Amino acid sequence: MNRASSRRDGLPLRRARAQRRGLLLAFAGALVPLLILLGLQYRWLSELEKSSRVARESSLGAYLSSISKDISYFYWKEGQSALALPSQAFAAEDPAAKFCRFFSRAERRFSGARPFFVASFGDDPKVSVHDSVAGKMVPAEEGPETDAILAAVIPWHLRSQSGRTFEEVDVELNDSDPRFRTMVKPVIDEESHLVGLVGFVLDQDYLKNKVLPKAVDEIVGELPDLVVTVWDRNGELILGEEQTSKPARSLYDSVSGWKLTIHSRSATPEQWARANFLFNLTLSAVLALVLLAAIAFALRTASRELHLSEMKNDFVSNVSHELRTPLSSIRVFGEFMRLDRVSDPAKVREYGEYIETESRRLTQLIDNILDFSRIESGGKVYHFEECDLVEVVTEALKTFEIRLRQKGFRLYFDGPEEELPPVAVDPGALAQAICNLIDNAVKYSNGAREIQVAVGRTDGHAEIAVTDHGIGISRDQQKRIFDRFHRVSTGLVHDVKGAGLGLSIVQHIVQAHGGKISVRSELGRGSTFTVHLPFTPSAPVEPSAPEEKS
């Protein structure tokens with residue numbers, strides 16, 4: 001091989017390496033920004049975790065605040081309606097009767113109070129309580145409930161003594177005695193003077209059994225994961241369940257005087273925020289992996305296309321050389337004979353044999369190319385018939401006799417020990433496969449001029465084995481030698497031309513016959529290709545076009 005040829009052979013390799021380096025740089029160019037983005041995403045998610053925990057605690061606190069506001073609004077609304085006593089009732093001829101009728105109607109509308117009371121701030125100040133059983137106003141009797149009523153009335157009575165005028169005053173809660181909270185409403189006359197006070201004591205049982213459960217259900221009823229627990233001032237459980245974990249939020253309700261707490265059954269705000277952080281981080285990682293996989297797949301596809309393009313370029317170059325060689329030989333020997341430069345019959349016969357050999361070689365190459373085209377397009381059709389396998393192999397070997405003799409090869413044929421049953425094959429296609437295997441053995445003989453062809457049977461299969469003593473095939477290359485356009489990249493590859501289609505076509509033919517092909521080889525010690533074919537005739541399996549492999 002001359003130096004110019006070596007340089008030409010090295011150019012595709014250098015070009016391929018440069019292209020692969022470009023693909024690796026492209027992958028790195030996509031990977032580095034993605035890693036930076038993942039780092040920023042991790043930082044943002046960490047900050048989001050902290051803010052999520054605070055937001056979760058705030059949202060739980062908002063639920064409690066809404067419950068407390070619902071309770072307050074309920075009593076404010078009912079108090080506004082139930083305590084709307086006109087100031088004229090205090091100046092009536094029989095104010096007690098007026099008060100009694102008013103409170104009777106109020107009690108029918110609102111059952112969450114016990115009892116209603118009224119305080120007159122005239123010349124004879126007094127406090128009367130409505131007795132709903134007797135249906136009349138009675139003086140307030142001594143006791144803790146009366147003490148709570150007086151605690152709400154006295155501040156307003158002192159204000160009335162100051163002589164100051166008042167604007168319209170809203171209802172007011174007095175919780176000086178936690179056991180008897182009162183809701184009062186000052187009564188202002190037309191001259192803006194405070195003439196009295198009307199109010200009621202909150203019914204704690206009604207608040208506990210009616211108002212509180214309704215408020216909790218309206219706010220968190222559709223959130224079963226949240227648990228609201230209510231405790232009284234003495235630490236006794238009023239609503240909810242015993243907590244197994246620290247409540248996320250607590251609130252003291254001014255109307256009821258109870259402590260409201262809320263927590264999640266499944267997780268604390270910290271755990272909830274952490275779970276969201278891990279979920280988002282996992283999702284980001286999965287998306288990043290999918291993106292990386294897509295990039296890797298795209299680069300792998302590009303690499304395969306580059307590799308396939310290189311193999312096709314090699315294929316075109318090798319086929320061109322393979323076509324020129326027999327054509328040149330045929331033309332030269334044809335010119336010798338046309339110009340009568342040979343008159344010796346032996347020489348004429350020798351030249352004729354050369355022309356025949358090169359013609360067969362050319363035919364075989366063209367057949368391989370045409371068959372490969374049909375295989376690729378799915379148009380390859382096989383015609384099966386029961387044949388004597390030994391006869392098919394013998395006929396195929398005859399086509400190589402002249403070529404093998406000219407190249408100095410000795411071909412040994414070992415037939416079966418006993419007659420084989422007929423095998424359903426396409427004789428022409430199987431002969432082509434055998435010729436391709438022998439041609440492969442000749443090309444890579446590396447000076448060893450012996451080829452063995454054996455026909456036999458093993459485990460219910462017919463076998464055709466072609467053995468050479470050439471350069472051999474490495475173990476890693478044995479997995480790829482049946483790929484289209486693939487040629488072994490070591491040994492005599494630069495000295496031996498070929499299209500890289502022979503073994504691919506052999507595999508397709510054998511699979512179409514329902515069989516398989518195997519190879520046993522060692523570097524420097526030769527190779528044995530064995531075709532295994534089933535004896536029992538069966539419907540032929542039309543194999544798909546060979547997959548592209550990088």
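The values are calculated or read from the model by the stated rules, or taken from the named source; none is laboratory data. Quantities reported herein were computed from a predicted structural model and do not represent experimental measurements. Every residue, glycine as well, gets a Cβ built from its backbone with ideal geometry; the counts of neighbours run over all protein chains shown. Just so you know, the surface numbers come from the protein's heavy atoms only, side chains and all, with ligands and any DNA or RNA stripped out. Shrake-Rupley method; radii C 1.70, N 1.55, O 1.52, S 1.80 Å.
Determine whether residue 404 is over 53 Å from the mean Cα position of the chain (by Cα) and modelled with pLDDT of 85 or more.
Details: over 53 Å from the mean Cα position of the chain (by Cα): yes; modelled with pLDDT of 85 or more: no.
When the stated conditions are applied, residue 404 does not pass them.
If we keep just the residues of region 378-390 that are open to solvent by 50 Å² or more (accessible area, probe 1.4 Å) and in contact with a Pro (Cβ under 9 Å, 6 or more places away or on another chain), which is modelled with the lowest pLDDT?
Checked region 378-390; the qualifying residue modelled with the lowest pLDDT is 383.
Under the condition of being modelled with pLDDT under 85, surrounded by 12 or more Cβ atoms within 10 Å (Cβ to Cβ) and not hydrophobic (A, V, I, L, M, F, W, C), which residue from region 526-550 is farthest from the chain's Cα centre (by Cα)?
Here the residue is 537.
Return the only residue of 119, 92 being at pLDDT below 90, open to solvent by less than 60 Å² (accessible area, probe 1.4 Å), out of contact with any Asp or Glu (no Cβ under 6 Å at 6 or more places or on another chain) and within 21 Å of residue 190 (Cα to Cα). Give the steps one after another, and end with the answer.
On the way: 119 fails: at pLDDT below 90.
Result of the check over 119, 92: 92.
Can you spot a residue in region 122-138 that is exposed (fewer than 14 other Cβ atoms within 10 Å of the Cβ) and part of a helix (DSSP H, G or I)?
The answer is no; no qualifying residue exists.
Please work out which one of (1) open to solvent by 40 Å² or more (accessible area, probe 1.4 Å); (2) in a helix (DSSP H, G or I); (3) touching a residue at least 40 places away in the same chain (Cβ under 8 Å) is the condition residue 75 fails and give its number.
If we test residue 75 against (1) open to solvent by 40 Å² or more (accessible area, probe 1.4 Å); (2) in a helix (DSSP H, G or I); (3) touching a residue at least 40 places away in the same chain (Cβ under 8 Å), just (1) comes out false.
Within region 253-290, track down each residue that is surrounded by 14 or more Cβ atoms within 10 Å (Cβ to Cβ), of a type in the set (A, V, I, L, M) and either at pLDDT 80 or above or farther than 21 Å from residue 227 by Cα (or both).
Listed by number, the residues that qualify are 255, 260, 262, 281, 288.
Output the residues belonging to region 184-195 that are open to solvent by 10 Å² or more (accessible area, probe 1.4 Å) and closer than 20 Å to residue 140 by Cα. Give the steps one after another, and end with the answer.
Filtering region 184-195 for residues open to solvent by 10 Å² or more (accessible area, probe 1.4 Å) gives 185, 188-195.
The answer is 185, 195.
Of everything in region 391-416, what is open to solvent by 50 Å² or more (accessible area, probe 1.4 Å) and closer than 20 Å to residue 460 by Cα? Give them in sequence order.
Across region 391-416, the qualifying residues are 391, 414.
Of the residues 211, 198, only one is farther than 29 Å from residue 55 by Cβ, in a helix (DSSP H, G or I), open to solvent by less than 30 Å² (accessible area, probe 1.4 Å) and touching a residue at least 40 places away in the same chain (Cβ under 8 Å); which?
It is 211.
When you scan region 97-105, do you find a residue that is open to solvent by 40 Å² or more (accessible area, probe 1.4 Å), in a helix (DSSP H, G or I) and not basic (Lys, Arg), even just one?
No - not one qualifying residue is present in region 97-105.
Taking the criterion of being touching a residue at least 24 places away in the same chain (Cβ under 8 Å), within 25 Å of residue 71 (Cβ to Cβ), open to solvent by less than 40 Å² (accessible area, probe 1.4 Å) and of a type outside the set (Val, Ile, Thr), would at least one residue in region 155-171 satisfy it?
Taking every residue of region 155-171 in turn, at least one turns out to be touching a residue at least 24 places away in the same chain (Cβ under 8 Å), within 25 Å of residue 71 (Cβ to Cβ), open to solvent by less than 40 Å² (accessible area, probe 1.4 Å) and of a type outside the set (Val, Ile, Thr).
I'm told residue 70 meets every condition in (1) within 23 Å of residue 286 (Cβ to Cβ); (2) modelled with pLDDT of 75 or more except one. Can you identify the failing condition by its number?
Unmet for residue 70, out of (1) within 23 Å of residue 286 (Cβ to Cβ); (2) modelled with pLDDT of 75 or more: (1).
Between residues in region 292-311 that are open to solvent by less than 60 Å² (accessible area, probe 1.4 Å) and residues that are of a type in the set (Phe, Trp, Tyr), which pairs lie under 8 Å by C-beta distance while being six or more apart or on different chains?
If the second residue must be of a type in the set (Phe, Trp, Tyr), the pairs left are 295/27; 296/27; 299/27; 308/485; 311/485.
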